[in-house]
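Below is one structure, written out as structure tokens, with a few remarks after it.
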Amino acid sequence: MKRPVSAGEQQAQKRFGTSTRAASFYPKQMLDHLNPAMQQFIARQDMAFIATADANGSCDCSFRAGAPGFVQILDKKTLAYPEYRGNGVLASVGNILENPQIGMIFLDYFQSTVGLHVNGKARVFSPDEITSLPHLPESMVEATKLKKGRRPEAWILIDVEEAYIHCSKHVPLLKRLDKQIDWGSDNDNSKGGNYFKTKPAPKA
């Protein structure tokens, strides 16, 4: 892969004296597609973090989760992930509709402690629109038939432009515990309630 054209990156590398390290990283660690090892890594993950920005550059970072492999590999240049029922704000989807650039990071807290960055351009599809595309995995087609809660409200397709490692040295190794997931629930306790004390106090 050619060195990414980013004046800001190159300015920062020069300022902090990392140009030589960066020049070595790009050809050795960065691809413009998902190789087989990256695809296998994504297929094992049950969570990801996504970063988007609106047309003015206002940013949002969000969390996505599902069963292992919930982020689908359509081919070496294309990923898809489901948007489930949430708080209704749809900040990430709204940003994508204004600005298709997206950054994703998958962190393997439970085995390798390695991470994978995937950057590219995203598109929003309704469940009906996604099932009209050819050569979809059967699991994506079947997901549109699930009951409310587990049924995706939308699908996000990502055209992959960059894929590269996030080194493991600062990623903690965690132990997985059981948790009951109430998919699509409107129950306040299931969602965390007023954990951060943001609800206005009741009027006297």
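The values are calculated or read from the model by the stated rules, or taken from the named source; none is laboratory data. Computed from a prediction, not measured in an experiment: that's the story for all the values here. Ideal geometry is used to build each Cβ from the backbone, glycine not excepted, and the neighbour counts take in all protein chains shown.
In region 148-159 there is at least one residue matching the filter, namely being crowded, with 17+ Cβ neighbours inside 10 Å and more than 19 Å from Ala43 (Cβ to Cβ). Taking region 1-58 as the region of interest, the helices (runs of 4 or more DSSP H) fully inside it that hold 2 or more residues being at pLDDT below 95 and surrounded by 11 or more Cβ atoms within 10 Å (Cβ to Cβ) are 7-16, 19-29. The single condition among (1) in contact with a Gly (Cβ under 7 Å, 6 or more places away or on another chain); (2) surrounded by 13 or more Cβ atoms within 10 Å (Cβ to Cβ) that Gly115 does not satisfy is (1).
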